[in-house]
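Comments concern the structure below.
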Amino acid sequence: MRIEHERLPSFGETFTAAAMQAVRVKAGRGASSLPGTEARATLSADPEKHADFVHLVGDTVTDHLHPGYVHALGFPLTMSLLVQKDFPLPLLGMLHLTNRVTQSRGIELGETMELIASVENPRAHYAGTLIDSIVRVMVDGEEVMVDTAGYLVRGSDLGGPRPERPDREEFEPGRATAVWSLSGDTGRRYAKVSGDGNPIHLSKVTAKPFGFDKPIVHGMYSASRAYSATGKGNDGPRDWFVEFEAPISLPGKVQFATTMVDGKAEYVGWRAARGEKPARRHFTGWVE
Amino acid sequence: MNYPRNVAVLGGNRIPFARAGKAYKNVSNQDMLTAALDGLVARFSLQGELLGDVAAGAVLKHAKDFNLTRESVIGSALDSRTPAIDMQRACATGLDAINFVANKIALGQIEVGIGGGVDSTSDAPIEVSGALRKILHRANAARSTKERLQILASLRPADLKPSAPSAAEVRTGLNMGQHQALSTERWGITREEQDQIAFESHKNLMAAYERGFFDDLMTGYQGLSRDENLRVSTMEKLGSLKPVFGGPEGTMTAGNSTPLSDGASTVLIASEEWAQEHGHQPLAYIRDIHTRSVDFTAGADLLSAPAYAAPEMLARNGLTLDDMDFVEIHEAFAATVVMILKAWEDEEFGRDELGLDGAFGSVPRDRLNVLGSSLAAGHPFAATGGRIVASLAKMLYEAGPGKFGLISICAAGGQGTVALLESAR
């Protein structure tokens, strides 16, 4: 099946549908496969919105799109698939665990892109089922970018029997190259430039019903800011990965370090140890 | 001047200039300067190169941009260890930044560097009022919440009014256009003389684009591939515009005054040794750069400083106006150009102001701004110097050996910076 979107659905539309779905779907009990639906939309980036995004995540506005912004453009398509009636897993409570963007070339501002979203590859995780939300970006029929977001659906057995939980490796923080001081409104500011208005990111009051005492920052804010900090730029073939661990509460301070290893920029973000509390890793990743 | 060693202009790169609030309304000074730098880096294969210094500046700058040039260098493809300095001398910023780098090369302190500038009137800094600042400082120092609230309660709506930068001279309260209008009247400059300058500027710049002159001096940005202000104009059209300065009888219009603009420019400058090692042909040598000011608070024409600076500079190089093959007079207003030309042709000005036996000289019109200037291209304040130096260097190279070019740029505060370039082949 294929869903053609005339315009990108707004976050509000899909989020309302997700709330309705939460009543209906209980962690994919009984389902054994994904429906294999695709959602498509054709669009070009709005220069003003793109510039606002780039400035918020600490990068320079060039004539090429920030890959984090392309991810944000594709996100509503993914949402529209996850809230379909025949989609067997509940959107609310899904955890964004990993994200990988591979680009064969830079995408120029103003280029018309066809975004094709799909949800694929269910597999077992010790806490439930992992799925890949994939957005392929086509320009003139050529695939120029693939954005793969790995989500965890806790409690679901759709991916098969769950393995044992592996031992958590010890995290020894190195020396920070930067400190991010994130104000309480970081989630609201990122929501504005990305269109992702998930309540867990916005305020204490809206985050509370979802089990968070404080709002947490969008994973793709951290990832996009880390990407910018590597200085790799948006103009060429690129491979970018991030894995999310402990969420970042707002307001908050993130210790950040990036190191260049053979042309590959590796990065890590963490919360510094405080008294008895050990350091916690927020995310790791690389750009090359 | 006899520099200890030759300073070569190897080339330049700028982004097309945009009209205020148009093509570059979403981008910052840092974005534009980085774009101009990266275009230069690509053209001269400077990726990962450690340069001696990069000097640039912006006239209108946010407080957070105190290290604007260094930040742009870090964001560019240059080696991130390349140092950078922010400079500012109003509209002469770009030319003075180039002078800074040129002098370092001449003295052997560095081998290669970049000079340039950027300005955005779309992203101009807005300041809070002095009253609000004082109240906030006091509230910050308050010992209790009650005390803090009492202090904050003293805020008045007027204190919240933001203040935008203005082009007004602090000491006279008159803006650039109003000052020039006084000079325009004093020098008896006609509407037609001004419109003719504006007409030629657009015509010449258009012709330069058409013959591909800017192909290796410019990289497109944000969808713009040529200066946004450039248009096909006619004397009739220019003649139909209403005056904007000098009252209802004024002669200065939006057509013969430069528009507020956004843009950035960069120029690559090196020693001859560096140029040779890296396989680049110098376009021109920087022979001299000179700045002086006039006391406009005592009534001198605000934008007339170059009329003094150029004769002084040429004299110390043993040259006259007749030796100049190209004369680039920045078109702040068409009337500024006419005023400077008239001053140079004026016997009395030559004797009383310049201490010469008579008039300094005249500029044949076919040597003046031959590829257009700021009226057509636009004038992002600090970016104008780099635009003119790169263009003139290429013009001199095309013209062949032994050619000289003069640059004149007027600036706020009654200042003027002038430069002498000689072809490098």
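The values are calculated or read from the model by the stated rules, or taken from the named source; none is laboratory data. Remember, it's a predicted structure, so these values are computed and weren't measured experimentally. So basically every Cβ, Gly included, is an ideal-geometry build from the backbone, and we count neighbours across all protein chains shown. Side chains are part of the model used for accessible areas, which takes the heavy atoms of the whole protein and leaves out ligands, DNA and RNA. Shrake-Rupley method; radii C 1.70, N 1.55, O 1.52, S 1.80 Å.
Under a 5 Å amide H to amide H cut-off, with H placed in plane at 1.01 Å, what residues pair with B:PHE245 once short-range neighbours are removed?
Under 5 Å from the amide H of B:PHE245 lie the amide H atoms of B:MET252, each far enough along the sequence or on another chain.
Please list 3J(HN,Hα) in residue order for the stretch B:211-226, calculated via the Karplus relation 6.51 cos²θ - 1.76 cosθ + 1.60 where θ = phi - 60°; whole Hz, with x for glycine and proline.
8, x, 4, 8, 4, 10, 10, 8, 10, x, 8, 6, x, 9, 10, 8
Through the Karplus equation 6.51 cos²θ - 1.76 cosθ + 1.60, θ set to phi - 60°, convert the phi angles of the stretch B:250-267 into ³J(HN,Hα) values in whole Hz; use x for Gly and Pro.
x, 10, 9, 10, 5, x, 10, 10, 6, x, 5, 9, 10, x, 8, 9, 9, 9
What per residue convex hull volume, in Å³, do the alpha-carbon atoms of the stretch B:103-261 yield?
Normalising the Cα hull of the stretch B:103-261 by residue number yields 267 Å³.
In debye to the nearest 20, how big a dipole does the stretch B:191-247 give about its Cα centre with +1 on each Lys and Arg Cβ and -1 on each Asp and Glu Cβ?
Roughly 200 debye, rounded to the nearest 20.
Ignoring ligands, DNA and RNA and using a 1.4 Å probe, state the total buried accessible area between A and B in Å², rounded to the nearest 100.
Approximately 700 Å², summed over both chains.
Go through the stretch B:186-228 and flag every residue whose accessible area shrinks by 20 Å² or more with all protein chains in place compared to the isolated chain (probe 1.4 Å).
The answer is B:TYR221, B:GLN222.
Rounded to two decimals, what is Rg over Rh for the stretch B:332-425 when you use alpha-carbon atoms and the Kirkwood radius?
When Rh is taken as the Kirkwood radius, the ratio is 0.98.
Taking just the alpha-carbon atoms of the stretch B:63-141, what radius of gyration and Dmax come out, in angstrom?
In Å, with Rg to one decimal and Dmax whole: 17.3, 52.
Of all the accessible heavy-atom surface of the protein assembly as shown, with the other protein chains kept in place and a 1.4 Å probe, what percent is carbon and sulfur?
Carbon and sulfur together cover 50 percent of it.
Under 5 Å between amide H atoms, partner at least 5 residues away or on a different chain: which partners does A:LEU92 have, H built in plane at 1.01 Å?
For A:LEU92, whose amide H was placed from the backbone, there are no distant partners under 5 Å.
For chain B, what proportion of DSSP beta bridges, expressed in % and rounded to the nearest 5, is antiparallel?
Counting DSSP beta bridges with both partners in chain B, the antiparallel share is about 75 percent.
How big is the equivalent ellipsoid of the stretch A:78-148 along its three axes, where each semi-axis is √(5λ) from the Cα gyration tensor, reported in whole Å from largest to smallest?
27, 14, 9
Work out the length of the dipole vector of the stretch B:305-359 about its Cα centre, built from +1 on the beta-carbon of each Lys and Arg and -1 on the beta-carbon of each Asp and Glu, and round it to the nearest 20 debye.
The dipole magnitude comes to about 160 debye.
Which lysines, on any chain, are close to A:LYS85 with Cα under 21 Å apart, when same-chain ones fewer than 8 places away are left out?
Reachable lysines: A:LYS26.
Using the Cα atoms as the points, what is the convex hull volume per residue of the protein assembly as shown in Å³?
Normalising the Cα hull of the protein assembly as shown by residue number yields 202 Å³.
Whole number please: convex hull volume per residue of the Cα set in the stretch B:20-81, in Å³?
92
With only alpha-carbon pairs counted, each pair once and no self-pairs, how large is the Kirkwood hydrodynamic radius of the stretch A:153-285 in angstroms?
Value: 16.5 Å, from the Cα pair sum.
So which chymotrypsin sites (Phe, Trp or Tyr not before Pro) in the stretch A:132-219 are both in a DSSP loop and have at most 13 other Cβ atoms within 10 Å of their Cβ?
Nothing satisfies the criteria.
What does the net charge come to around A:GLY187 if you take all other residues with beta carbon closer than 12 Å to its beta carbon, with K and R at +1 and D and E at -1?
Net charge in that neighbourhood comes out at +3.
Give me the 1.4 Å probe accessible area per residue for chain A, excluding ligands and nucleic acids, in Å².
With the other protein chains kept in place, chain A gives 47 Å² per residue.
How large is the charge dipole for chain B, taken about the Cα centre, if only the Cβ atoms of Lys, Arg (+1) and Asp, Glu (-1) carry charge, to the nearest 20 debye?
Dipole of chain B, to the nearest 20 debye: 1860 debye.
Around A:THR177, which amide H atoms from residues at least 5 apart in sequence, or from another chain, sit under 5 Å from its own amide H, with H modelled in the peptide plane?
For A:THR177, the qualifying residues are A:PHE256, A:ALA257, A:THR258.
Taking only the alpha-carbon positions of the stretch B:1-143 and ignoring solvent, what does the Debye formula give for the base-10 log of I(q)/I(0) at q = 0.16, 0.21 Å⁻¹?
-0.85, -1.28
For chain A, I need the span (max minus min coordinate) of the C-alpha atoms along each principal axis, in Å, sorted largest to smallest.
Principal-axis extents of the Cα atoms in chain A, largest first: 49, 46, 37 Å.
What would the Debye formula give as log10 I(q)/I(0) at q = 0.13 Å⁻¹ for the alpha-carbon point model of chain B, no solvent?
Summing over Cα pairs of chain B leads to -1.09.
With unit charges on the beta carbons (Lys and Arg positive, Asp and Glu negative) and the dipole taken about the Cα centre of the protein assembly as shown, which residue among B:LEU107, A:THR60, A:ILE3 sits farthest to the positive side?
A:ILE3
Can you compute the equivalent ellipsoid semi-axes for the stretch A:57-96, i.e. the square root of 5 times each eigenvalue of the Cα gyration tensor, sorted largest first and rounded to whole Å?
The three semi-axes for the stretch A:57-96 are 30, 11, 5 Å.
Mind checking A:61-69 for the average number of partner chain beta-carbons within 10 Å of each residue's beta-carbon?
3
Over the Cα atoms of the stretch A:184-256, Rg to Rh with Kirkwood Rh, two decimal places?
1.02
One quarter of the convex hull surface, Cα atoms only: what value does that give for the stretch A:242-288 in nm²?
For the stretch A:242-288, averaging the hull's shadow over all directions gives 3.6 nm².
Averaged over its residues, how many other protein chain Cβ atoms are within 10 Å of peptide A:46-58's Cβ atoms?
2
Can you pull the mean other chain C-beta count within 10 Å for peptide B:29-40?
Mean shielding count: 2.
Within 10 Å, count the other beta carbons around each residue, average over each peptide in A:258-266, B:85-93, B:381-389, and list them highest first.
Peptide ranking by packing, descending: B:381-389, B:85-93, A:258-266.
What aspartates and glutamates does B:LYS242 reach when the alpha-carbon gap must be under 20 Å and sequence neighbours fewer than 8 apart in one chain are set aside?
Within the straight-line cut-off, B:LYS242 pairs with B:GLU185, B:GLU192, B:GLU193, B:ASP195, B:GLU200, B:GLU331.
Ordered by packing density, taken as the mean number of other Cβ atoms within 10 Å over each peptide's residues, highest first, how do B:357-363, A:218-224, B:170-176 rank?
Per-residue mean Cβ counts within 10 Å order the peptides as A:218-224, B:357-363, B:170-176.
Counting only other residues whose beta carbon sits under 11 Å from that of B:ALA264, what net charge do I get with K and R as +1, D and E as -1?
Once positives and negatives cancel, what remains is -2.
Convex hull over the Cα atoms of the stretch B:176-286, averaged projected area in nm²?
9.9
For the stretch A:111-193, state the average projected area of the convex hull of the C-alpha atoms over all orientations, rounded to one decimal in nm².
Mean projected area for the stretch A:111-193: 9.7 nm², to one decimal.
Above 21 angstrom, tally the Cα pairs of the stretch A:45-194 and express them as a % of all pairs, no decimals.
57
Can you list the lysines whose alpha carbon sits under 30 Å from that of A:LYS232, skipping same-chain ones fewer than 8 residues off?
Hits, sequence-local ones excluded: A:LYS49, A:LYS192, A:LYS253, A:LYS264, B:LYS22, B:LYS25, B:LYS61, B:LYS64.
Compare the Cα positions of B:PHE349, B:ALA376, B:GLY318 along the charge dipole of the stretch B:318-381 (+1 at Cβ of Lys, Arg; -1 at Cβ of Asp, Glu; about the Cα centre) and return the one farthest towards the positive end.
Going by the charge dipole, the pick is B:ALA376.
How big, in percent, is the set of alpha carbon pairs in the stretch B:264-372 lying more than 24 Å apart?
35
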